[in-house]
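Every read-out reported here was derived from the displayed coordinates using simple, explicitly stated rules and does not represent laboratory data. These numbers come from a predicted model, not from an experiment. All Cβ positions, even for glycine, are placed from backbone atoms using ideal geometry, and neighbour counts span all protein chains on display.
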Amino acid sequence: MRIDIKENNLKIAIKAAIKAGEKLIHNFEMTQSILTKKSNRDISTKVDFEAEQKILDIILKKNKKQTILFEEKGFFGKNKSNFWIVDALDGTVNYLNRIPIFASSIAYFEKKDFIIGCIYNPLTRELYYSCEKKQVFKNSLKLNIKTKKFSDSLFAMSFSGQKKNSKIRSKESRLFMAYNDNSRGCLRTGSLAVNLAYFCEGKFDGCIGHEAKIWDAAAGLCLAKNVGAKISYKIVKKNRINFVVGNEINFENIKKYYEKYMGKTL
Amino acid sequence: MKSKILIYGAGAIGRGYLPWILNKKAKLSYVENNANIVNFFKKNKTFHSIMIKNKKYISKRVVFEKIFSFGEESKFLNEYDLIILCAGTRSIESISQNLFSYKNKILILENDIKCVDILKEKLNKFNNIFFGVPDVISSNTASGKIKKKYGRKSTITENGICYVEKRLEAFFDKAIFLNKKKLHDQWICKLYLHNTVHCILAYLGHIVGLRYIHEIANLKFSKRLLNSSFSELSKLLIQKYNIDLKTIKYYSKKELSRFTNKLLFDPIDRVAREPFRKLKIDERLIGAANKCIANGIYPKAISFGIFCAFNYKNRKDPDFNISYLKNSLNKEDFLEIALGLRKNEPISQILLENWNLYLSNINKLKKNK
């Protein structure tokens, strides 16, 4: 994609994230009605749909032929190789409980790569965005990757929604504890987009996702790639992704632990 | 004294100005981040610096000892009697990592007095770190004519004055040595009467599409803006810093003649670079405006200058993202997300109230250019 087109798309992503954020803030203190409940943890509220609609309106405003993969609405449009990936509210459970760790996450996927990433937490007014290598920003600040060794690292991991599959659950738990016990710790924040944004900022030193949803991870993986992280990922099922992200020093160990405990290569 | 001096930053001040004022017998070496400059000067250990004196160019051929790329110098640091830092305020943190083992004196000639405290704290050294204020405009991009005559890496500088803290007299042939209080007054004059006005002009010049400061400074509209800026800042310097009117008048006059100097070729993009740094709340633009407001002075000209900075768009600039944010966010969000200014702050209110007026002023300027 040409740089001027990338920049235009980044501006669209920023505008859309801000608009969705306004909706999230407006409803933050209100009681949310749960519309769908795939599990106790995997829920959607009315505000998820309303914020998605805001994003849809902005993306389609200039070009009605765009394709968008939404968390709630699924695919919108026909182009399955170049499309936007949107999660209007990543961290719905946190949002419902008024925990300020949630974000709108918008990415553009082209030729099997994440080209544009934008993550916005409207409550803290933290806006992370990038459309070029070594050009990842939080608000006005340019972000640079930090390098820490594995034992000094703080990690964030997100689990799959496979709570009924006890085998996978048990592997994930052991992996989580392995990271936790051999480093400064491993957290589960409830928002994968925020995990990856914090990684780019140097708050986390590595992120791990097993069967994560693509719309939660896409923008963050784009930012991590552009900030210069080491990344391995594999799209595993429909819209699911396994990944590990780290720095030059700790990456091999992060990956080794993942492969050892999950029994899967990345 | 045959001292050895290591200069971080082979740019406008390091290459262009310091060779004119340091002790003639001193052996100079450089540390530079820009690989092109390092490679060029590893092959040619000499360059020309051109000074504007009495409205004429005079040249000086400078021969230096060594040039290191950043990091290469660390083993040799203690061979040097003095280290001078003039590589840009953003590089202070990374340079400090290399200076832990250094035992001699360090002079900071960066455009921010806060660098002194940052470095003292980082190195845990409090007696050997000094500050200086080079009151000079110098440029590492001389005009084509000069480059043709003296080589493409030649630099150009004014015949400025360098104010330096006492105890470094032995290293200089030409500098004024002041105690901390007087040096601080010089810094304040430079910060506001030079830095603030200089970058307002640069951002205005960028919008109008000009290349050099003197081109914008000589326009009728700019002269009005310059006078208003000087007037607001002069009131601030008298009220807040107790600096006398005579000094302020002298300084303002000197700055005006410097900005309009047609021989200087001071590039607008050099002065306007890193707009987010200049727009920090304690820096020369918003910092100056806030201080004016706190002292009962309405910063009309300065706030227009701030607005001009929002419109800086240069793909090569580290703060190029200002254009992403300016074009994506509405004005209130831009102030808060990009600059950390809440909409109920006085400076935000001034900017928001005048936003459309500033915009139409800029459009008029572009049309009449």
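Which of A:His210, A:His26, B:His48 comes first, and how do the rest follow, when ranked by fewest Cβ neighbours within 10 Å?
Least to most surrounded, the residues fall as A:His26, B:His48, A:His210.
Please state the charge dipole magnitude for region B:285-369, taken about the Cα centre, from unit charges on C-beta atoms (+1 on K and R, -1 on D and E), reported in debye and rounded to the nearest 20.
That gives a dipole near 500 debye.
Can you check what the net charge comes to around B:Phe334, using other residues whose Cβ is under 11 Å from the Cβ of B:Phe334 (Lys, Arg +1; Asp, Glu -1)?
0
Going by how many other Cβ atoms sit within 10 Å of their own, how do A:Phe75, B:Phe70, B:Phe230 line up, fewest first?
A:Phe75, B:Phe70, B:Phe230
Charges on Cβ only, +1 for Lys and Arg, -1 for Asp and Glu, centred on the Cα centroid of chain B; of B:Tyr102, B:Phe68, B:Phe131, which one is farthest towards the dipole's positive end?
Final value for the positive-end residue is B:Phe68.
What net charge is computed for the residues neighbouring B:Tyr8, neighbours being all others with C-beta under 11 Å from the C-beta of B:Tyr8, Lys and Arg scored +1, Asp and Glu -1?
Cβ neighbours under 11 Å give a net charge of -3.
Give the angle, between 0 and 90 degrees and rounded to the nearest 10, that separates the Cα long axis of helix B:220-241 from the longest principal axis of the Cα atoms of chain B.
80
Build a GNM of chain B with springs between Cα atoms under 10 Å: which of B:Asn227, B:Asn127, B:Asn159 gets the top mean-square fluctuation?
For chain B, modelled as a Gaussian network with Cα springs under 10 Å, the answer is B:Asn127.
Using only the alpha-carbon atoms, how far is helix B:346-368 inclined from the longest principal axis of chain B? Give it as 0 to 90 degrees, nearest 10.
Taking the Cα atoms of chain B, the angle to B:346-368 is about 90 degrees.
From the gyration tensor of the Cα coordinates in chain B, what semi-axes in whole Å does the equivalent ellipsoid have, largest first, with each one equal to sqrt(5λ)?
34, 23, 21
Taking the Cα centre as origin and putting +1 on Lys and Arg beta-carbons and -1 on Asp and Glu beta-carbons, what dipole magnitude results for region B:4-177, to the nearest 20 debye?
The dipole magnitude comes to about 1020 debye.
For region B:4-177, what is Rg from Cα atoms divided by 2.2 N^0.38 Å, rounded to two decimals?
0.98
Of A:Lys167/A:Lys264; A:Lys112/B:Lys326; A:Lys23/A:Lys46; B:Lys4/B:Lys103; B:Lys246/B:Lys280; B:Lys27/B:Lys60, which sit over 19 Å apart, Cα to Cα?
Those over the limit are A:Lys112/B:Lys326; B:Lys246/B:Lys280.
Which of A:Glu72, A:Glu29, A:Glu172 moves most in a GNM of chain A, Cα contacts under 10 Å?
Highest fluctuation among the options: A:Glu29.
By how many degrees, 0 to 90 and rounded to 10, does the Cα axis of helix A:166-181 deviate from the longest principal axis of chain A?
70
Taking all pairs of different Cα atoms in region B:183-368, averaging 1/r and flipping that mean, what Kirkwood radius in angstroms comes out?
16.5
Filter the cross-link list B:Lys105/B:Lys182; A:Lys148/A:Lys203; B:Lys240/B:Lys291 down to pairs whose alpha-carbon distance in this structure exceeds 18 Å.
B:Lys105/B:Lys182
Please compute the net charge surrounding A:Val236, taking Lys and Arg as +1 and Asp and Glu as -1 over other residues with Cβ under 15 Å from its Cβ.
Here the charged neighbours net out to +4.
Return the distance in nm (one decimal) between the two label points of a simple spin-label model at B:Glu65 and B:Asn44, each offset 7 Å from Cα along Cα→Cβ.
For B:Glu65 paired with B:Asn44, the spin-label model returns 2.3 nm.
Once you charge only the Cβ atoms, +1 for Lys and Arg and -1 for Asp and Glu, what is the size of the charge dipole of chain B about its Cα centre, to the nearest 20 debye?
Roughly 1660 debye for chain B.
Rank these for me by crowding, A:Asp113, A:Asp90, going from fewest to most other beta carbons within 10 Å.
A:Asp113, A:Asp90
Name the residue farthest towards the positive end of the dipole of the protein assembly as shown from the options A:Ile59, A:Ser130, B:Asn195, assuming +1 on Cβ of Lys and Arg, -1 on Cβ of Asp and Glu, about the Cα centre.
B:Asn195
Nearest 500 deg cm²/dmol is fine: what mean residue ellipticity at 222 nm does chain B get from its DSSP H runs of n ≥ 4 alone, each adding -39,500 (n - 2.57), divided by its residue count?
-13000 deg cm²/dmol
Can you tell which of B:Ile7, B:Phe265, B:Phe304 lies farthest toward the positive end of the dipole of the protein assembly as shown, using +1 and -1 charges on the Cβ of basic and acidic side chains (Lys, Arg; Asp, Glu)?
Of B:Ile7, B:Phe265, B:Phe304, it is B:Phe265.
For B:Lys220, go through the lysines and keep the ones whose alpha-carbon is under 20 Å away, minus same-chain ones fewer than eight residues off.
Qualifying lysines at Cα under 20 Å: B:Lys253, B:Lys254, B:Lys262, B:Lys300, B:Lys364, B:Lys366, B:Lys367, B:Lys369.
DSSP beta bridges in region B:22-98, what fraction antiparallel, as a percent rounded to 5?
The antiparallel proportion sits near 65 percent.
On average, how much area does the Cα convex hull of the protein assembly as shown cover when viewed from any direction, in nm²?
30.9
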